[in-house]
Amino acid sequence: MIMTFDYTAAAELFMPKGKPGARQPLKYRRFSTAAEAIRFVVEELPAVSTLDPWMQVGDDRFNSDDIHRLYESTSYPKRRRIRKSR
């Protein structure tokens, strides 16, 4: 369980290598804040998130589930995208 998290800390986002020959839309990206990296994963890469991206913030590593929990946290500082119901 994540007790405290610094959403203002710099973050690095990594995508694992996919299947050989598969085109990878993202391998590594650095963000000035973890909040922006989290928003990017959840809102911009929902289909890619099945490839299990992970984020490094300082010495801590967060998997895809952790990233989604941080996004859904009441502490998340950015406005969330409104999801349309189907």
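The numbers here are math on the coordinates, done by the rules we state, and not lab data. Note that the coordinates shown come from a computational prediction; the quantities given were computed from them, not determined experimentally. FYI the Cβ positions are ideal-geometry reconstructions off the backbone, even for glycines, and counts take in every protein chain you see.
Cβ crowding within 10 Å, taken as a proxy for footprinting-reagent exposure, orders Ile38, Ile67 from fewest neighbours to most as Ile67, Ile38. Here the extension length gained between Lys27 and Arg69 equals 12.9 nm, from 0.36 nm per residue of separation less the Cα-Cα distance.
Distance between the 7 Å Cα→Cβ label points at Asp60 and Leu45: 1.9 nm.
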